[in-house]
Amino acid sequence: MPSSILYNGAIYTLDPAMPRVQALGIRDGRVIVAGSEGKVQAALGGRAELINLQGRAVVPA
């Protein structure tokens, strides 16, 4: 399964130490990194599919 980066939205983590992040990195259907866009890009490299949330929200489920 390819990697994806979600960015440009309100991304909530439910982690009190980091309640919102700029981007999420997903690989094999699991979130593997959350943080700044730069941190997520560095973790997944240049082959990830970029998904622009266009301001939409992401919440854990």
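Numbers for the structure displayed
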{"quantity": "Residue list for the range 1-18, filter: closer than 18 Å to Ala61 by Cβ and surrounded by 15 or more Cβ atoms within 10 Å (Cβ to Cβ)", "calculated": "Ser4, Leu6, Gly9, Ile11, Thr13"}
{"quantity": "Residues (surrounded by 12 or more Cβ atoms within 10 Å (Cβ to Cβ), in a loop (DSSP other than H, G, I, E, B) and among the aliphatic types (A, V, I, L, M)) located in the range 19-61", "calculated": "Ala48, Leu53"}
{"quantity": "Residue tally, condition in a strand (DSSP E or B) and over 12 Å from Leu53 (Cα atoms), over the range 5-18", "calculated": "1"}
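No lab work stands behind these numbers, since they all come straight from the coordinates. Worth saying up front: this structure is predicted, and the values here are computed from it rather than measured. Neighbour counts run over all protein chains shown; Cβ positions are idealised from the backbone, glycine included.
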